[in-house]
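Trainee: Supplied in structure tokens, the structure appears directly below.
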Amino acid sequence: LHRILAQADLLQRASMIIVVAGMEGALPGVVAGMVRAPVIAVPTSVGYGTGAGGFSALFGMLNSCAPGLAVVNIDNGFGAACMAAAINRKPESLTA
């Protein structure tokens, strides 16, 4: 937690945040509770402990009650990046 708190000012200035986490998947919920920007959570299949191939992190992220938190599938950093690009796109550049 001290590493996140040390970067709190930087996190507060972000327009959106991608958080990759394994194990119990609690980190995205913690970050989402600290900021007003949307947070995209990416569960990872690697790490130590009983991660069950990323399902432990995925279920932990899906069960989070933090507002502004979206979850993509296990190891789907590409999907998270696509969503981040969509969030950061200016409304006037969108086409119907």
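Trainee: Scan the range 11-96 for trypsin sites (Lys or Arg not before Pro) in coil per DSSP, keeping those whose Cβ has at most 16 other Cβ atoms within 10 Å, and list them by number.
Mentor: Those that pass, being in a loop and sparsely packed, are Arg36, Arg89.
Trainee: Using only the alpha-carbon atoms, what does the chain span along each of its principal axes? Please give whole angstrom values in decreasing order.
Mentor: Result, largest extent first: 46, 31, 20 Å.
Trainee: Moving to a separate point now. All other residues with a Cβ under 12 Å from the Cβ of Leu11 taken together, and with Lys, Arg as +1 and Asp, Glu as -1, what is their net charge?
Mentor: It works out to a net charge of +2.
The numbers here are math on the coordinates, done by the rules we state, and not lab data. Keep in mind that this is a model prediction, so the values were computed, not measured. Using ideal geometry, Cβ is built from the backbone for each residue, glycine included, and neighbour counts are taken over all protein chains shown.
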